[in-house]
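Step one of this worksheet: look at the structure below.
Nothing in this text is a laboratory measurement; each read-out follows from the coordinates by a stated rule. Note that the structure is predicted; figures quoted are calculated from it, not measured. Every residue, glycine among them, receives a Cβ derived from its backbone with ideal geometry; neighbour counts consider all protein chains shown.
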């Protein structure tokens with residue numbers, strides 16, 4: 001089987017599987033979200049490499065705006081901080097679960113309270129270690145800031161007042177710029193997605209979208225269970241590839257060539 005056919009099969013399979021799980025298992029009230037997500041997933045997965053290559057081209061086409069170097073540095077520091085906190089959070093999940101079992105903490109509320117304070121303790125221990133030993137001055141200052149204003153004592157006293165005051169003051173002073181920024185963002189991203197669609201559109205992607213959406217709707221109407229969804233996703237993927245090989249390639253492409 002050629003690579004394009006294999007990509008189409010995998011895209012339809014993942015689209016039907018993802019959409020059906022959302023529509024039937026996660027949110028039956030908003031089943032149409034599953035249809036949209038399943039179709040879009042298949043559309044994107046048909047050739048994900050082309051999507052990745054088209055993103056910078058589409059952005060360059062619609063906007064000359066670029067991140068300032070200082071902004072880039074701040075974003076990198078923030079992402080590094082969040083990644084570290086995420087790691088600490090995962091470690092906390094395992095450690096607190098282990099400790100709560102050893103301490104025989106029972107009930108529905110107590111483990112949650114214990115887990116929260118355990119997480120706060122580990123995060124502030126991490127911040128203190130960084131503040132004392134990390135040689136990256138900008139990152140060090142970033143952690144010192146959170147250590148100063150996000151500790152439990154500050155959070156219960158002055159931090160909410162300062163946060164409210166500075167947020168309201170900033171929004172009022174920058175109200176014009178914020179309004180213009182919202183309008184610019186909506187316009188820019190609308191043009192971006194339009195150009196991205198133009199760059200990446202193909203009959204194969206449309207086929208994947210249609211089959212994945214139809215498969216999701218069928219799964220929802222028939223209320224499939226997990227095993228049935230998996231089987232139906234495989235069947236839908238095979239039928240989609242057969243449709244591509246027997247109809248799209250043999251007839252549609254010939255018709256286009258004749259025109």
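Some values worked out for this structure:
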| item | result |
| --- | --- |
| Cα shape, the stretch 1-62, gyration tensor, a/c 1.5 rule | oblate |
| Ranked 205, 7, criterion: other C-beta atoms within 10 Å, fewest first | 7, 205 |
| Ordering of 8-20, 229-241, 176-188 by burial proxy (mean other Cβ atoms within 10 Å per residue, highest first) | 8-20, 229-241, 176-188 |
| Inter-label distance for residue 182 and residue 166, nm, one decimal - labels placed 7 Å from Cα along Cα-to-Cβ | 2.4 nm |
| Neighbour-count ranking [beta-carbon atoms within 10 angstrom, fewest first] of 225, 47, 29, 203 | 29, 225, 203, 47 |
| Order of 33, 162 - criterion: other Cβ atoms within 10 Å of each residue's Cβ, fewest first | 162, 33 |
